[in-house]
Amino acid sequence: MKTLINKEIKSYLSHHLVFILAAAFSVLSGITFLNLLGQYFHVLELGKADQIDPVMFVVMGFFNNINFVLIFLVPLICMGLFAKEYQQGTITLLLTSRFTRWNIIGAKFFSAFIPVLLVLSPLVVYLMIFWFSGLYEKTYLFSGVIGILFNLMIYISIGVFLSNVFYKSPMIAAFLHVATLVLLNSLQSFAQFADNYIIHKIILYISVVPHYLNLARGVINTSDLGYYFLVCGFFLFLNHKIFRMREVA
C-alpha cells in the first residue's frame, strides 16, 4: 500500500491544485485570525473583558472557522481520486494486481489525507503565535488540532466514497461532498425541532458538531471516538462494496 500512496502523492504534487489551495488557505486563515483578534480587542476597549474567555473566543473560534473552511477545501482535493484511474483504465490493473481492494481504498484515503495536511501546514504558525502570546491553554490548543484531524477522517472517507461512485463526474462528487458535510455540520440545529427524545438523541449523535466540540475542548470519551471510527469505517466499507458490485455487474 505504501507504493500506491507514494504514487498518489507524487501525482498530487505534480499539479498546482494543492499549492493553490495552500495559498488560499493561508490567506483565509490569516483573515480569520486577524478578524477574531480585532473582535477581541474591540471587546477589551468596551471594558467587557471579564464577560468572555479569550481562549474560547479566539482559539476555539479560530478552530471552528478552520473546520468551516475544510467543508469546501476537502471536496476539491477528493473529487478526482478515482476519476483518472477509470479514465485511463488503470483501475482494472489495480484490481487485478497484488493489491487488495482495501489496499486501494486505504491508499486513496491516505493520499488525500497527506495533501490536506500539507495545505493545513500554515496552522503551525498560528499555534506558535497562540503559544508565545500566552493566549492559550494547553488543553484547547492541542485538542483543537485533534478535533480537526478527526473531522478530516470523516470528511476524507466520505470524499473517497463519492469520488468512486461519481468517477465520471468529479464536479458532481465535489458538490455532493460539500452538501453532505454541510448537512453533518447542521444536523445539530435541526435536533431541537424533534419532539421525540430518541429521535433528538439520534440526530445529535449523527451530527459531527457535538463530537468535534467535545474533542476540541479536551473531553475525550469512547462515544465520540467510536462515532469517528464508525462513520469513517462505514464509508470506507461502502467503497469496498462499490468495487464488489461493479465486479458482479
Looking at (1) touching a residue at least 60 places away in the same chain (Cβ under 8 Å); (2) touching a Ser or Thr at 6+ places or on another chain (Cβ under 8 Å); (3) part of a helix (DSSP H, G or I), which is the one condition that is false for M153? (2)
Taking the conditions exactly as written (free of Cβ contacts under 8 Å to residues at least 24 places away in the same chain, among the aliphatic types (A, V, I, L, M) and either over 26 Å from L238 (Cα atoms) or out of contact with any strand residue (DSSP E or B) (no Cβ under 6 Å at 6 or more places or on another chain) (or both)), does A194 satisfy them or not? yes
Applying the selection to the stretch 88-129, what residues are over 30 Å from G61 (Cα atoms) and outside any helix (DSSP H, G or I)? G89, T96, S97, R98, F99, T100
Just a yes or no: is a residue in the stretch 109-124 out of contact with any Ser or Thr (no Cβ under 8 Å at 6 or more places or on another chain) and either without any contact (Cβ under 8 Å) to a residue 40 or more places away in the chain or of a type in the set (K, R) (or both)? yes
Selection from the stretch 141-186 of residues that are surrounded by fewer than 18 Cβ atoms within 10 Å (Cβ to Cβ) and more than 30 Å from V125 (Cα to Cα): V165, K168, S169, M171, I172, F175, A179, L183
So which residues in the stretch 26-82 are at pLDDT 85 or above, part of a helix (DSSP H, G or I), of a type in the set (G, A, S) and surrounded by 17 or more Cβ atoms within 10 Å (Cβ to Cβ)? S29
Where a residue in the stretch 1-23 is assigned to a helix (DSSP H, G or I) and its partner, wherever it lies, is modelled with pLDDT under 70, with Cβ under 6 Å and at least six apart: V18/Y12
Those residues that are over 16 Å from C78 (Cβ atoms) and either assigned to a helix (DSSP H, G or I) or at pLDDT 90 or above (or both), I need them from the stretch 218-236; list them, please. T222, S223, D224, L225, G226, Y227, Y228, F229, L230, G233, F234
State all residues of the stretch 163-201 that are closer than 24 Å to S223 by Cβ and within 22 Å of the chain's Cα centre (by Cα); if no residue qualifies, say none. T180, L181, V182, L183, L184, N185, S186, L187, Q188, S189, F190
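The values are calculated or read from the model by the stated rules, or taken from the named source; none is laboratory data. What you are looking at is a predicted structure, and each value in this text was computed from that prediction instead of being measured. Cβ coordinates were reconstructed from backbone atoms using ideal geometry, including for glycine residues, and neighbour counts include every protein chain displayed.
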